[in-house]
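Here is the structure we will look at.
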Amino acid sequence: MHIQWSPSTGKNMTFRPNTRSVMITTQPNTTRNVSARSLCQRTQAGHTNRWQLAGALGSDLLGQAQIQRAEEFANKSPERKIKSADPMALHWHEDATSCPQSPLPRLVHPLSASRRTRLCKDVTWSSKLHTPEERFHVLSRKVTNNSNPDAVLECLGVRWELHCAVLSSSDTLCELYTSSKRQRDVQLHERAVKASRASSSAHGKGLVYRNWHLSGLLILRLPVKDASINKEALSFALRILYDPEERPDEWGEAVLSAAALLGMSNLFQKCLKKMMADISSSNVCSFHQASCKFKETFLQRACERWLELFFVTELSSHIKLKDLPFDLLLKTLRSPRLFAPNEYEVLRVVLYWLYLQLNPLRQTPPAHSTVITFFSRETTVFLELPQGQKYITAFQALRMHGITEWQHLQELKNIRVLPESWLLNILSNHYHTLYSGGDMIVTDFSKQAMRFGMMLNQEQECCTQTINLYGFYFILQAAKMGQSNTYIFSIERLRHWDPAVPQSSAVSHPYCMRADRSVRFHITVQSYANGEWQEHSSGTVNQHFGLCKRLSRSKSCS
């Protein structure tokens, strides 16, 4: 059971240590003092310094309500404990010495000399303590059986009590402890020499003075210049020294930075592995930033690989898209392994990213209509404005010649982002390709090929996607082979009356009557197996597709 003591309860009370309350009773011709231990006792509970009476008062309505709630909770939970503002955390302790008249258990401080041994066995600890300092303090006391610390680390405005037995796992703390101890020994030696010179009888006093100082705690001061390190990360790194099974609330840059600050190489490598295994939309940007900060190429490549696969399909719908730096965005767009259902989806994600850069206070992903309305109300072309000049290279990395749907081309015209010359070039290429019977002008296949993609999971037996390209219709197929996890992929040309061709496309799109069509294509399959991403490729293939069944299908690749 947790009880929250209110700090305002005893704000007007002045705490006097070693003070005992006395009740005075008057009898005829007699005045005497009655021991406080028999009637009442004033002890400190947390920082409130409230009274603790041996018996309940009938007028104490607030106390009675608290007793009732405590009794009701006790029936539901066999283990009861109290959490107060006291950093030593007062605990419930029930024994035969508790006052029989009081329905509440007696509060006992864990540092009480008479009960210290027994309390070490009765203390239960919750991982949901309020502050990182409390979590570290309780764990360190629990592991060391409340033994006295050997040093105090002053870091981030907190005093962390440490023991010599655990310092060997941290190179930084070992070095600080060794240097501080050496410096203290030198100072004590100098003082002893001065004392011996002052008087011949001061030798004994010098030894006492030296021993008294040697029993004190060493102060280790560790400045933190890295803004990513917080108290929670530092508390977790220090808790690892006492219990290697500890787990943080979140693996990330803060834990990685804390491990690097304390010189804990094992924790650093463990954090890297956890980060590489847990990359997602919510942390890919921060993980990549941390990898660049510590020059960890494996983590950096893992983040970039994740972006190549999920930039369009997952990150586009997450608010963390706004944290993607421009350089990383440009590198992702230029990657030949970028997965995209079609070229328009890539443009859509870039527009979303640009919208979030221009509206940094937004905390939710924007709707598509919101983005289109935002850019459509501009009177001038955005990329021609001074603030839009730096984003030109990102739009140049897009393959906008692959946007062929009339609705999407009309949207490009309405949003007022691209210069008129760009739009004219896109429309001119479309017209020239249609006029020449579908022959595209391609000078660099790896950078100008039009991308189409589909996703399938292991439970799917078959997956298809229809492609409409300048009057030619193709279907991309993926089929599972038997009971194995092997799939075969192929491309097949469709006739205009084929059922796989959507009715809307057959009515509103052109259809080429040429019997054969020379196509250059490249099929890439990226799959996740055995804990890593694998890539299979058909390579660049040139093939003539005809309308007859023998020539309408490409060779299968697996």
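Out of the total accessible area of the range 308-418 (probe 1.4 Å, heavy atoms of protein only), what percent is carbon and sulfur?
Its accessible area is 53 percent carbon and sulfur atoms.
Note on exposure: HIS189, HIS288 ranked by accessible area (1.4 Å probe, complete protein assembly) read HIS189, HIS288, with the most exposed listed first.
Accessible surface computed residue by residue for the range 294-383, with neighbouring protein chains in place and a 1.4 Å probe, gives 44 Å² per residue. Between GLN448 and SER280, the simple spin-label model (points 7 angstrom out along Cα→Cβ) gives 4.2 nm.
Positive-end ranking of MET400, ALA367, PHE445 along the dipole of the range 361-465, with charges on Cβ about the Cα centre, is headed by ALA367. Heavy-atom accessible surface of PHE136, to the nearest 10 Å², is about 10 Å², with a 1.4 Å probe and all protein chains retained. The H on the amide N of VAL417, modeled in the peptide plane, is under 5 Å from the matching H of PHE382, each at least 5 residues off or on a different chain. The candidates HIS368, HIS130, arranged from most to least accessible area with a 1.4 Å probe in the full protein assembly, appear as HIS130, HIS368. Sequence-ordered 3J(HN,Hα) estimates for the range 353-358 from the Karplus curve with 6.51, -1.76 and 1.60 and θ = phi - 60° stand at 4, 5, 4, 5, 5, 7 Hz, glycine and proline given as x.
Amide H to amide H distances under 5 Å link LEU494 with TYR473, PHE474, ILE475, where only residues 5 or more positions off or on other chains count and H is placed in the peptide plane.
Surface calculation, 1.4 Å probe, protein heavy atoms: GLU133 sits at approximately 50 Å² accessible.
Taking amide H positions as modeled 1.01 Å from N, with prolines and chain starts lacking one, the residues under 5 Å from PHE545 and 5 or more places away or on another chain are ARG517, SER518, VAL519.
The values are calculated or read from the model by the stated rules, or taken from the named source; none is laboratory data. Bear in mind that the values here come from a model prediction, so they are computed numbers and not experimental data. Reconstructed Cβ throughout: ideal geometry from the backbone, glycine too, with neighbour counts over all protein chains shown. Quick note on the areas: whole protein, heavy atoms, side chains included, nothing else; ligands and nucleic acids left out. Shrake-Rupley method; radii C 1.70, N 1.55, O 1.52, S 1.80 Å.
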